Amino acid sequence: MRVLKFGGSSVESAENIEKVVSIVKKKSKEDKLAVVVSALRGVTDMLIAAGTAASKSEESYKELLSEIENRHLAEVRKLIPIAGQSSVLSQVKKILNDLENTCEGVFLIGELSAKTLDKIMSKGELLSSYIISEKMKSDGLNASLKDSRDLIKTDARFGKASVDFETTNLRAWQYFNQASDITVLPGFVGSSESGETTTLGRGGSDYTAAIIAGALNADELEIWTDVSGMMTADPRLVIQAYPIEQISYGEAFELSHFGAKVIYPPTIQPVLEKKIPVWVKNTFAPDDSGTLIHENGQSNGKDTMVKGISSIDKIALLSLEGSGMVGVPGFSKRLFESLAHQNVNVILITQSSSEHSICVAINDADVIKAKTAIDSEFAYEISVKKVDPVMIERDLSIVALIGDKMKNHAGVSGKMFSALGRNGVNIRAIAQGSSEKNISTVINQKDVKKALNVIHEAFFETPTKQLNLFIAGVGNVGGKLLDQLGKQVKFLNEELRLNVRVVGLANSKRMVFDDEGICLESWKEQLANGQNMSLSEFAKHVKAKNMRNSVFVDNSASEEVAGVYKDYLKNSISVVTCNKIAAASEYQNYRSLKLAAMDHNVSFLFETNVGAGLPIIGTLNDMVRSGDRVRKIEAVLSGSLNFIFNNFKAEVSFDEIVRQAQAEGYTEPDPRIDLTGTDVKRKILILIRESGVAMEMDDIETVPFMPADCLEGTVDDFFEKLKEHKQVFDDLYKVAETKGEKLKFVASYDNGKASVGLRSVAPDHPLYKLDGKDNIVLFTTDRYHDQPLIVKGAGAGADVTASGIFADIIKTVL
Ligand code: ADP
Ligand code: ASP
Ligand code: MG
């Protein structure tokens, strides 16, 4: 046996009722069903409005009644085939006439009792259940209608009657013993002992269904509504809310009690007692999995300690304070009793540990009677100034965080309060249920939406960081970087929760911007169609966009570009560069860039300045930051020079090998830039500075190996000179070879002194075995004193350089 309940929106229109019937049809093939329905959406409100208007002798009640009539008659005409319509229409009219008579009576006597209002409200469900049962019959289903008032017996507290479970369970059991496959029942309604119509409270159709499910010990209760389950928050207030897979009875109760309208709170009781699983499903998306409410409420694997957030508006806070309360027993008892006598529901209580004050949250509607009750209860204490008159704060809301497992986790409330604090939400009072299923805060009503959203973000949304890149230079290295970025976008998003976008892109001629991210497959075309490039215009765009986590990436070797870093850093934009010019400029400039980055909480990273993608500077930084001290650095840092000296053998002359290196692109067009060691000097300078030593380029000694006249004249003159001095180079080679050594262009730093130059290296030295374009760095430090720490590998090439820049870019946000 299964009980299905369809809410107001599920039965709002003929179109929706068709959906309901198709769900019922499918389910009825598997099981016997009880189908509980609400009134058509909005009808209960209209009935209350009609009754209220009539009681105030306002004729407008008639318009409301005719609107109600038209809606129902129109539904019948759409749902029931013409042949069967007249009998259904006449039965509907009979119910409507009855309603009209009651309202007329109210109009005449000018009074609306709770009893009469129940009679009026019940018509909504009586009409909908009748029409739906007839629709099912006309569709050939074995359905019948049963008036819930015959089954659900209650006391005579009209408007929110209490159920007599003993009688109800028995009646339901007897009836369903011989019921047809499908029984349609009106939700919300019951009857008192004397047979008067009662109702179960607004939203009470859920309760009806649970009462029937409990009475019959049903296998399942299904609450069909207009959302795909109980959600992490009210979806009307938090767009990011999503359905909770599984939830315990206790959690579901707390969530609904604190405002999650999707289930009427008393619904939980009858199903909890019998441990009947409850599904909350979406009539408009029946294949969505929905929420399962059951005993332990844990989903497999993916389980969260916080299940949901809900809120109640229109709250008032009453505070009773006074020195006379301290240490005197019975104050709270008297306070709560006085409220109970007035039927004031206390939603939340906090008491200061000094017992100096008690604070209760109640519905705003109860404020006047609550204040009067408390002030009169404590009239004596107030008169002798032991207690102050009750203080009232209004326009407040309660926001509650719910989850069974919160009690096992430290820091939940801290996270909640800091999320609120960061966003300027002032907390008026806090309460944590002793079961620790619930942490509630009282805040200003105007802050509720913001509060729900920031708490939701803190607990339920995996934050994805946005990384906005502005890239200058799309040559060899830049092009490779864009390729690599394009390939990694998905991975970064899924694994690092990083959403990387290239927002700006420029070469020396053009620049292009796209806030949503330039397409990394068609960037060439986009850039070709871009606007004219100027460094200052580019910077202006970057700054104006003011995007969080912005990074300026310099893939050029331009001095002009290196000159704009400070401006970016000062505007809280990180700088990542493979361009050595800035880090090797005057110490003062290098230092001021580092400081600017620190002051503005951004990064200035240039790992690729030394050894391309090799983790040299990063390793050095890690050592220095952890307190190590660099004593000595020895390094081969030039791929070009390594190529030249690796290939310089007895059989080839030096000028030929340099020419080959130049032709194959291993050297600068003017190979002297490499051969004089200027580039290597910059690299060792950067390592020395990153070790914490203030040094200038000129402090580094160059030990020349070429005769001075090689440096004069044009590149062609240079090659001529190399030929002329063939013997000098051959001798260098021979001396090394006879000792079994190799020539290496080495940069070194040793206790404050730095130099670069050609060295003959013995086979047992770590620098000896170095192939191709490889670079190597040996760090001897206080901690690595016996054996140096060695970083070695390909130290040049667009691919590895691009990947080094890539790594630096990611470091700016991690
Ligand atoms: P029905 O008419 O089916 O009884 P209700 O309007 O009573 O439906 O309840 C469903 C509505 O409850 C949803 O449309 C949603 O706007 C609201 N709601 C509030 N809080 C929640 C929540 N935590 N999860 C799901 N729905 C919620
Ligand atoms: N129709 C009733 C109401 O609107 C009961 C329900 O829909 O659950 O409160
Ligand atoms: Mg409801």
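Please treat every number below as a calculation from the coordinates, not as lab data. Since this is a predicted model, take the numbers as computed values, not measurements. Ideal geometry is used to build each Cβ from the backbone, glycine not excepted, and the neighbour counts take in all protein chains shown.
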In whole Å, how far is the Cα centre of region 769-790 from that of region 31-75?
86 Å
Using a 7 Å offset from the Cα along the Cα-to-Cβ direction at both Glu741 and Ala807, what is the distance between the two label points in nm, to one decimal?
3.2 nm
Note on the chain: alpha-carbon gyration tensor, axes a ≥ b ≥ c; rule is a/c under 1.5 for rounded, else prolate if a/b larger than b/c, else oblate; result prolate
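For the residues Lys5, Lys333, Lys545, what sequence is obtained by ranking on other C-beta atoms within 10 Å, fewest first? Intermediate values should be presented prior to the final figure.
Working: Lys5 29, Lys333 9, Lys545 15.
Placing the least packed residue first, the sequence is Lys333, Lys545, Lys5.
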Which of His725, Tyr784, Met697, positive extreme of dipole for region 675-791 (C-beta unit charges)
Tyr784
Gyration tensor on Cα atoms of region 64-187, a ≥ b ≥ c root eigenvalues, a/c under 1.5 rounded, else prolate if a/b beats b/c, else oblate, says oblate
Report the charge-dipole magnitude of the chain in Debye, nearest 20, computed about the Cα centre from +1 at each Lys and Arg Cβ and -1 at each Asp and Glu Cβ.
1180 debye
For Lys570, give me every one of the lysines with a C-alpha distance below 24 angstrom, ignoring sequence neighbours fewer than eight places off in its own chain.
Lys465, Lys540, Lys543, Lys545, Lys580, Lys594, Lys811
With unit charges on the beta carbon (Lys/Arg positive, Asp/Glu negative), name the residue among Ser144, Ala419, Asn296 whose Cα is farthest towards the positive pole of the charge dipole of the chain.
Ser144
Within region 252-382, pairs of Lys residues whose Cα atoms are less than 24 angstrom apart, provided they are eight or more positions apart or on distinct chains, add up to 14
Nearby aspartates and glutamates by direct alpha-carbon distance to Lys721 (threshold 13 angstrom, same-chain neighbours under 8 apart not counted):
Asp655, Glu656, Asp709, Glu712
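Mind running the shape call on region 473-517? Use the C-alpha gyration tensor, a ≥ b ≥ c as the square roots of the eigenvalues: rounded below 1.5 for a/c, prolate if a/b tops b/c, oblate otherwise.
Here region 473-517 falls in the oblate category.
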Rounded to two decimals, what is the ratio between the C-alpha radius of gyration of region 633-700 and 2.2 N^0.38 Å?
1.28
Per-residue Cβ neighbour rank within 10 angstrom, fewest leading, Glu457, Glu59:
Glu59, Glu457
Going toward the positive end of the dipole of region 20-141, with +1 on Lys and Arg Cβ and -1 on Asp and Glu Cβ, which of Ile132, Ser60, Leu117 do you reach last?
Ile132
I'd like the distance between the alpha-carbon centres of region 446-510 and region 136-185, rounded to an integer number of Å.
58 Å
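Give the order of His341, His294, His765 when sorted by the count of other beta carbons within 10 angstrom, beginning with the fewest.
Starting with the residue having the fewest Cβ neighbours, the order is His341, His765, His294.
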Under 5 Å, built H, 5+ apart or other chain: amide partners of Val502
Leu469, Ile518
How far is the Cα center of region 320-338 from the Cα center of region 601-680, in Å?
80 Å
Can you tell me the equivalent ellipsoid semi-axes for region 403-451? Use √(5λ) from the Cα gyration tensor, largest first, whole Å.
21, 12, 8
